[in-house]
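> Mind looking over this structure? Questions follow.
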Amino acid sequence: MAAAWPELEAAARERRRELALPGAAVAERVAAGGGRLPAELLALPLLQSLELSGCAALKELGPGLAAALPALHTLVLSGNALGPAGLGAGLGGPLPALRVLDLSGNGLEALPAALGGAGPAEEEEEKEAAAFPQLRSLNLSGNRLRELGPGLARSAPQLQELLLSGNRLRALPGALLPHDEPAPFPLLSRLEAADNEVEELSPDIAALPALKSLDVANNRLSALPAALADCPRLKDANLRGNPLRDRRLEKMVNGCQTRAVLEYLRSKGRTDGGREETRRRKREKPQKKDGERDEAEAVGKLLLKVLHVGDNPAPMVVRASPGVRDVRPYIVCCVLRGVQLRPGNALRRFLSAQTKLHEDICERRTAATIATHDLQLVKGPLTYSVQPPAELKITPLGRKEIKAKDLLHQLQREAEEQRKQKKRQNVSGLHKYLQLLDGKDNYPCLVDAEGTVISFPPITNSEKTKVRKTTRDLFLEVTSDTSLQTCKDVMDALILKIAELNRFTMENKEEGSGSDDESDALCGPENANPNQNTEQPLVVEQVRVVDMDGNLKVLYPSKTDLATVSSLLTVIR
């Protein structure tokens, strides 16, 4: 006897345009149907948005999906067990209205024929007509793709966003760009291929005239093509985590200095021809001794001085209560003195860098969360504890005081509204970290000596300790439910980024700009020496996290910390 689908009956009765089937809840029925979507789904011709994600039993779409749902503009099938064969039957025909297609987290080793994958020879004529003429966003992240053929450009000519992270791609763009078409992907503005096996970023990348954002982090690139600088609209390039041979280029890449990287590649491309002779002469010069080489390499490094707890007359201490063990057990803190946020756009760059770290190394806050506070507004000692959602109160950044449970509901509503407005995949980055607190009886919080909650991870920190242009000293906090090492790695990256921003601010003189409110008003004389940060390094003060009995849980930075960024930082301990 076929399993009943009351959700589909209700959707047909109410003439719904949107339908989301929770994967875990329907997995048993999908399995009973042979791993396919139910036939009743084909009786919903008005359907415009369909999601069925996280269903390990879903292996096939079943035949006729495209023909039965001509109005479909959003199709989210992430986290299932779909392969190209299982997709082929359902996507065998055109979907003229489809704008968003999410196939992330499946088992795709190749694309189905409808998306430009290899198909029978007799299908070639059909491929000439675009199967997805309105497709704007295609998410193929987290599959097993080794290459993409040129057929995708023909199947989805209006593509604006192509997400390929977490596959097994070796080259980019590779065969993605057909050479027999003058302008493939004329609207593609976002291309993500992080965490692949890309060994070559070819000069063909310049054939994407609308490309604004490129992410090829954590691949195997040893060099970058000069043609990357020929992408006319490229503004944001994440190239970190690649074994680049050019150390100067690597330094700029690690600093997320896209403009500087492109200028460097552009100038390098112009002068490469004349540099071969210079390289030959350099090879013939006598090599420096080890001591001389070490000293030369240290000249350009950023300086960071560590103030140990024993040398600090008033060290900050964080006490961790036993309750955090079952909610969000890991926390690492430190104090950083001497930041420069006053000139020009320094504060904006600082906040933007924190956002980018949250997106990248923190995996959209799901692996870890950063909170930065104005040290002068932090009343220690601090307590890392838990409180019930109905009792925990905080004044979030840019909002009025609110209970934690109400704030969470408010953010969930805002995220859902944003999803509907943008017509994007159902689970956004915002949804993901909000879900970390689902089912928790208590929420984590960092409380100051006056009993005020200054941080509610992974959601927000408090308006009370907000970082402003006048801030010179920071209290930094990283929390995670993953591991202590994750916290330390994120803190290392955060300190490096602040040090790089500090140097950039001091070396690029900017006029002070007015603040948005009186509390951000500038005060005090501006530092006139652009190289002062190389003479007066940032100072990081160790902070101890102890249990309620005073026993040490973690000390940061310890002797082994900051090793991950040692190639760019000179740490004076």
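> Using the alpha-carbon centroid of each, what span in Å lies between region 80-120 and region 325-361?
40 Å
> Here is a further query. In nm, what is the difference between 0.36 nm times the number of residues separating T564 and A67 and their Cα-Cα distance?
In short, 173.6 nm is gained.
> Return the FRET efficiency for the residue pair R266, H409: r is the Cβ-Cβ distance, R0 is 51 Å, and the value is rounded to the nearest 0.05.
0.55
> Another one. In region 1-93, which GluC sites (Glu not before Pro) fall in coil by DSSP and have 16 or fewer other Cβ atoms within 10 Å?
Here the sparse-neighbourhood loop sites are E14.
> While we're here: At 7 Å along Cα-to-Cβ for each site, give me the label-to-label distance between A56 and Q376 in nm.
Between A56 and Q376, the simple spin-label model gives 5.5 nm.
> Taking the simple approach of a point 7 Å from Cα along Cα-to-Cβ for both A43 and N345, what is their distance in nm?
5.7 nm
> Between S352 and I402, how high is the FRET efficiency from 1/(1 + (r/R0)^6) when r is the Cβ-Cβ distance and R₀ = 30 Å? Nearest 0.05.
The value I calculate is 0.70.
> For region 135-235, what class follows from the C-alpha gyration tensor (a ≥ b ≥ c being the square roots of its eigenvalues): rounded when a/c is under 1.5, otherwise prolate if a/b is larger than b/c, else oblate?
Note, shape of region 135-235 comes out rounded.
> Still on this model: How many nm is it between the label spots at A183 and R16, if each spot is 7 Å from the Cα in line with the beta carbon?
Computed distance between label sites A183 and R16 equals 4.1 nm.
> Moving on to the next point. What is the gain in length, in nm to one decimal, between A3 and A85 on full extension, counting 0.36 nm per residue of separation less the C-alpha to C-alpha distance? List each step's numbers first, then the result.
Working: separation 82, 0.36 × 82 = 29.52 nm, distance 2.43 nm.
Between A3 and A85, full extension yields an extra 27.1 nm.
> Sort 374-385, 458-469 by packing, meaning the average of other beta carbons within 10 Å per residue, with the highest value first. The partial results should precede the final answer.
Values: 374-385: 18.8, 458-469: 21.1.
Most protected by this proxy first, the peptides run 458-469, 374-385.
> Find, among the trypsin sites (Lys or Arg not before Pro) in region 162-205, those assigned to loop by DSSP (not H, G, I, E, B) with at most 15 other beta-carbon atoms within 10 angstrom. Mind dumping the intermediate values first?
On the way: sites: R168, R170, R190; in loops: R168, R170.
Passing sites in region 162-205 are R168, R170.
Each reported figure results from applying straightforward, stated rules to the coordinates on display, with no laboratory input. Bear in mind the structure is a predicted one, so any value in this text is a computation, not a measurement. Cβ: placed from backbone, ideal geometry, glycine included. Neighbour counts: every protein chain shown.
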